[in-house]
Amino acid sequence: MTPSPASLLLEDGARLEKVASGAQWAEGPLWIPGRRALRYSDIPGDRILEYSEESGELSVHATGVGFTNGRTLDLDGTVLECSHGMRALLRDAAESAGGIREASVVVDRYGDHRLNSPNDVIVSSDGTIWFTDPSYGIKRPAEGHPGEEEYGDRYVFRLDPRTGVLAPVVIDVETPNGLALSPDESVLYVSDSSLQPCDLANPNPARPRGHAIHAYDVVEGRHAKNGRLLVEVDPGLPDGIRVDVDGRLWSSSASGVQVFSAAGEKLLDIAVPEIVANLAFGGEDGRTLYITATTSLYRIRTTTRDAAAALRSRLED
């Protein structure tokens, strides 16, 4: 019998393994190659955790961190991370000297208005920074500080570090959350998690409720055009998303991790015993999928790698 394409996405004998626990809500995983470690956030605990693949130990990287969430590596190897509490995109060193975290603000305003609470961030090969700005951090007490949506909505932004220009690129997704680019960076994927409103205490019945991954054509490297609903994630909703080297989308859901083709066909559903928030490829060969799920960190071996990390490696060669 010929193996199904889905079965070929996981290594022979691959099993889901819980490697760490103790978070209140685990989010924002990022593989740090130089440390051989997976860094992630415990948002309500207001701390950053780090799991060492070498030692198998979990440590506290930093506390009092401004309710950080999503993070990514910039082209220079520093860490860009989203701060709900500071309503800002921050830059941190990949390697913190003497255990001291020194984070600086990259951007915290759109014109005269403060950002809501940046949530997820990616960097394209030309160095531009794309991030989502829902309002979890100003509407949910456990994820930040109370505040108002000063520019009146929730956008996906693009920041050009060379010019300092911050511009909204996606304005039609109700609650933009996870972000990813296709392997050739011609398509931008945005997850909408508005099925569960940001303001749980005072939901607005007039606002849409969605649980889909949206796709946009990237035009001239800076415009998101021809938006379309690619796939509705069920059960639950899509939060964090990743794209592998063959263009497949790996998404969080209430059932675990769901994998879709670039055309939106479901290929695989990896069951996880806790609700999944986010995921990241890592490990020495880049083929270990790390999964942040409620209180815990899980991993499973795959046969593929992260598209953005692979592109970064080619640029460095």
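Looking across segment 8-23 at every residue that is surrounded by 13 or more Cβ atoms within 10 Å (Cβ to Cβ) and either of a type in the set (A, V, I, L, M) or free of Cβ contacts under 8 Å to residues at least 24 places away in the same chain (or both), the one that is nearest to residue 47 (Cα to Cα) is identified as 23.
Could you count how many residues in segment 190-215 are in contact with a Phe, Trp or Tyr (Cβ under 8 Å, 6 or more places away or on another chain) and within 12 Å of residue 229 (Cα to Cα)?
Step one: list which residues in segment 190-215 are in contact with a Phe, Trp or Tyr (Cβ under 8 Å, 6 or more places away or on another chain), which gives 190, 198, 213-215.
Add one more test, that the residue is within 12 Å of residue 229 (Cα to Cα), and what stays is 190, 213-215.
Going through segment 190-215 one residue at a time, the tally reaches 4.
Entry remark, segment 32-65: residues being crowded, with 22+ Cβ neighbours inside 10 Å, free of Cβ contacts under 8 Å to residues at least 60 places away in the same chain and not in a strand (DSSP E or B) number 1 in total.
Taking strands (runs of 3 or more DSSP E) that fall entirely within segment 103-198, which contain at least 2 residues that are within 24 Å of residue 294 (Cβ to Cβ) and out of contact with any Gly (no Cβ under 8 Å at 6 or more places or on another chain)? Before you say what the answer is, go through the steps one by one.
On the way: elements: 104-107, 121-123, 129-132, 156-160, 165-170, 176-181, 187-192.
Because the criterion is at least 2 residues that are within 24 Å of residue 294 (Cβ to Cβ) and out of contact with any Gly (no Cβ under 8 Å at 6 or more places or on another chain), the strands (runs of 3 or more DSSP E) in segment 103-198 that meet it are 176-181.
Could you please find all residues in segment 113-151 being farther than 30 Å from residue 313 by Cα and either free of Cβ contacts under 8 Å to residues at least 24 places away in the same chain or polar (S, T, N, Q) (or both)?
Start the filter on segment 113-151 by keeping residues that are farther than 30 Å from residue 313 by Cα, which leaves 113-117, 134-151.
Of everything in segment 113-151, those that are farther than 30 Å from residue 313 by Cα and either free of Cβ contacts under 8 Å to residues at least 24 places away in the same chain or polar (S, T, N, Q) (or both) turn out to be 116, 117, 135, 141, 146, 148.
Residues that are not β-branched (Val, Ile, Thr) and not in a loop (DSSP other than H, G, I, E, B) were ranked within segment 199-214; the one that is farthest from residue 109 (Cα to Cα) is 212.
Among the residues of segment 61-77, what is the count of those that are touching an Asp or Glu at 6+ places or on another chain (Cβ under 7 Å) and either under 15 Å from residue 125 (Cβ atoms) or of a type outside the set (Gly, Ala, Ser) (or both)?
Here is the first cut: in segment 61-77, the residues touching an Asp or Glu at 6+ places or on another chain (Cβ under 7 Å) are 61, 63-65, 67-71.
Now drop any that are not either under 15 Å from residue 125 (Cβ atoms) or of a type outside the set (Gly, Ala, Ser) (or both), which leaves 61, 63, 65, 67-69, 71.
Going through segment 61-77 one residue at a time, the tally reaches 7.
Only one of the numbered conditions (1) on the phi > 0 side of the Ramachandran plot; (2) of a type in the set (Val, Ile, Thr); (3) surrounded by 23 or more Cβ atoms within 10 Å (Cβ to Cβ) is violated by residue 294, and that is (3). Filtering 255, 193, 251 for residues that are modelled with pLDDT of 95 or more, surrounded by 15 or more Cβ atoms within 10 Å (Cβ to Cβ) and more than 15 Å from the chain's Cα centre (by Cα) leaves a single hit, 255. Scanning segment 131-150 for any residue that is among the polar types (S, T, N, Q), surrounded by fewer than 20 Cβ atoms within 10 Å (Cβ to Cβ) and touching a strand residue (DSSP E or B) at 6+ places or on another chain (Cβ under 9 Å) turns up nothing.
Residue by residue through segment 22-58, note down the ones that are closer than 19 Å to residue 309 by Cβ and within 16 Å of the chain's Cα centre (by Cα). Listed by number, the residues that qualify are 28, 29, 30, 31, 32, 38, 39, 40.
Just one of the listed residues (264, 283) is surrounded by 15 or more Cβ atoms within 10 Å (Cβ to Cβ), within 17 Å of residue 214 (Cβ to Cβ) and small (Gly, Ala, Ser), and it is 264.
Among the residues of segment 79-102, how many are modelled with pLDDT of 95 or more and of a type outside the set (Gly, Ala, Ser)? Lay out the reasoning, then the answer.
Going residue by residue through segment 79-102, those that are modelled with pLDDT of 95 or more are 79-91.
With of a type outside the set (Gly, Ala, Ser) added as a condition, the list becomes 79-82, 84, 86-87, 89-91.
Of the residues in that region, 10 qualify.
The values are calculated or read from the model by the stated rules, or taken from the named source; none is laboratory data. Nothing here was measured: the structure is a model prediction, and the numbers come from that model. Positions of Cβ are generated from backbone atoms using ideal geometry, with glycine treated the same way; all protein chains shown enter the neighbour counts.
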